[in-house]
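Encoded as structure tokens, the structure appears first; notes follow it.
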Amino acid sequence: QLQASGGGLVQAGNSLRLSCAASGRTFSTRYMAWFRQAPGKEHDFVAAINWGAGYTYYADSVKGRATISRDKAKNTLYLQMNSLTPEDTAVYYCANGPSVILSNLQSQTAYAYWGQGTLVTVSS
């Protein structure tokens, strides 16, 4: 089970930290990720992390502004987003699944389990 939180309304240029508390079978996965869905658009990959080793992967659109991390002791995934712009407005989802591997970690179809989403709204 995945529970995302931390969204809200922020002004452009500010920062936000999202959290995703994970429990149960989710820890059999090697990767966890953040996706986002803007109104009328598909789920877009944001970032992923290898849960065990901590290797990180980012979409070009957030590279340099986002940091994905995890606290293994707390079973929690994080996404720190800086220098937010209105284009970052979206519902942000955490996800994982047993079929995620390095070659498909940017594809939403690879992920079997999804959190409920947390809305981030960036005002200009």
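The table below gives the values:
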read-out	value
Gained length - residue 124 relative to residue 71, 0.36 nm times residue gap less alpha-carbon distance	15.9 nm
Förster-model FRET efficiency, 22 Å R0, residue 11 and residue 80, C-beta, rounded to 0.05	0.85
Average accessible area per residue (Å²) across the chain - probe 1.4 Å, nucleic acids and ligands excluded	50 Å²
For residue 44, net neighbour charge (Lys/Arg +1, Asp/Glu -1) across residues whose Cβ lies under 12 Å away	-2
Listed residue (122, 103, 8) projecting farthest to the positive dipole end of region 1-122, Cβ model	103
Candidate aspartates and glutamates - alpha carbon under 17 Å from residue 63, same-chain residues fewer than 8 apart omitted	44, 87, 88
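The values are calculated or read from the model by the stated rules, or taken from the named source; none is laboratory data. Since the model is a prediction, treat every value here as computed from it, not as a measurement. For neighbour counting, all protein chains shown are included, and Cβ atoms are generated from backbone atoms with ideal geometry for every residue, glycine included. Accessible surface is based on the protein model in full, side chains and every heavy atom, while ligands, DNA and RNA are left aside. Shrake-Rupley method; radii C 1.70, N 1.55, O 1.52, S 1.80 Å.
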